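Structure first, commentary second.
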Amino acid sequence: MAGSPRGGGVMAGLDLRHGDCLDLLRDIPDASVDCILTDPPYASGGISLRERQQRTQTKYKLGNVKKVYPEFFGDAKDQRGWMAWAQLWLAQCWRVARDGAPLLIFSDWRQLPTMTDAIQAAGWSWLGIMAWDKRSSRPQKGRFRQQCEFVIFASKGPLSLVHDRCLPGCFAHCVDRDKLHLTAKPVPLLKELLEVAAPGCTVLDPFMGAGSTGQACLETGRSFIGMELSRPYYEISRRRLEPLAQHYIMEADHA
Ligand SMILES: C[S@@+](CC[C@H](N)C(=O)[O-])C[C@H]1O[C@@H](n2cnc3c(N)ncnc32)[C@H](O)[C@@H]1O
């Protein structure tokens, strides 16, 4: 495994970098990435700044879950700070994306309007929203459950079409009971989202957390560039993804 310039490692099909994505993205060449699929910190979990500034364990842990997860970064910004910051990294993502590349970003209901504004402010063309039905959520007496999260779909200029199949607009997947990150996204959901990008392409996730997007990429024959600021989550991603990358290199050698 060769070291990358700012802390991280590169294997065939897998490039993991530890640090702040705003720094790390500067090392990625212009127009070199085919798809961006990411799940940034929502800085949500409440309306007031005090609620947002709680520990991520407190905000995102469900009462019946015993496992203790590492804290993660970037989740305590107020609304204006979060939007200004989102425009910075979204503009870097726009620079590194090829023309026609799709952008897929997770959001909750509170941050959906702000994130669609930030995406467009950074130069992306907004194409739509898909719903992710999590099949469960906190029950709230007298109120509707917030059972869905959302995936914002955009592209760098007109979307490059990689096939002529019609893709769904709603997805139903449970959160994995053995998830490796407090807010991990299900790998089968990520694989469905990757259908908008060609097999063999390069996918970037600047907020990889525990590497769920990386697993979905490697298992579907796509290359993955992942970035993560938290050392514990970066290490979790390495332990999860490096054996997978090795496995797929060996399979390719035997094919
Ligand atoms: C919502 S989580 C991603 C979870 C991931 N989708 C998974 O399934 O494991 C967002 C991650 O972004 C990381 N993060 C926050 N700010 C960052 C930054 N400036 N650069 C890189 N990573 C950052 C957090 O530490 C957190 O692990």
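Brief remarks follow.
- Relative contact order computed over the chain (Cα-Cα under 8 Å; 6+ residues apart), in percent: 25 percent
- 0 to 90° range, to nearest 10: angle between helix 231-254 axis and the chain longest Cα axis: 40 degrees
- Over segment 82-175: Kirkwood hydrodynamic radius from C-alpha pairwise inverse distances, Å: 14.6 Å
- Of the peptides 174-185, 91-102, 197-208, the order by per-residue mean of other Cβ atoms within 10 Å, starting with the highest, comes out as 197-208, 91-102, 174-185.
- Out-of-range pairs (alpha-carbon distance over 26 Å; input Lys59/Lys156; Lys134/Lys156; Lys61/Lys134): Lys59/Lys156; Lys134/Lys156
- Computed Rg/Rh of the chain, alpha carbon atoms with Kirkwood Rh: 0.94
- Rounded to the nearest whole Hz, the Karplus-based 3J(HN,Hα) values (6.51 cos²θ - 1.76 cosθ + 1.60, θ = phi - 60°) of segment 175-183 follow the sequence 5, 5, 4, 9, 4, 9, 9, 3, 10, with x at glycine and proline.
- Neighbour-count ranking [beta-carbon atoms within 10 angstrom, fewest first] of Leu161, Leu16: Leu161, Leu16
- Compared with the dominant Cα axis of the chain, that is its longest principal axis, helix 112-121 is turned about 40°.
- Estimated translational D of segment 74-124 in µm²/s (Stokes, Kirkwood radius over Cα pairs; 20 °C; 1.002 mPa s): 187 µm²/s
- For segment 13-24, 3J(HN,Hα) per residue [Karplus equation, 6.51 cos²θ - 1.76 cosθ + 1.60, θ = phi - 60°, Hz, x = Gly/Pro]: x, 9, 9, 10, 10, 9, x, 7, 4, 5, 6, 5
- Only Cα pairs under 8 Å and 6+ residues apart enter the sum, and on that basis the relative contact order of segment 40-171 stands at 25 percent.
- Computed on segment 117-255, with alpha-carbon pairs under 8 angstrom and 6+ residues apart, the relative contact order is 17 percent.
- Rounded, prolate or oblate (a/c below 1.5 giving rounded, otherwise prolate when a/b exceeds b/c) for segment 32-102 by Cα gyration tensor: oblate
- Rounded to whole Hz, the Karplus (6.51, -1.76, 1.60) HN-Hα couplings of segment 202-219, x for glycine and proline: 10, 10, 10, 10, x, 10, 6, x, 8, x, 4, 5, x, 4, 4, 5, 5, 6
- Counted over the chain, the DSSP beta bridges are approximately 55% antiparallel.
No value in this document is a laboratory result; all are computed from the given coordinates. If you're wondering where the values come from, they're calculated on a predicted model, not measured in any experiment. Glycine also receives a Cβ, built like all others from the backbone with ideal geometry; neighbour counts cover every protein chain displayed.
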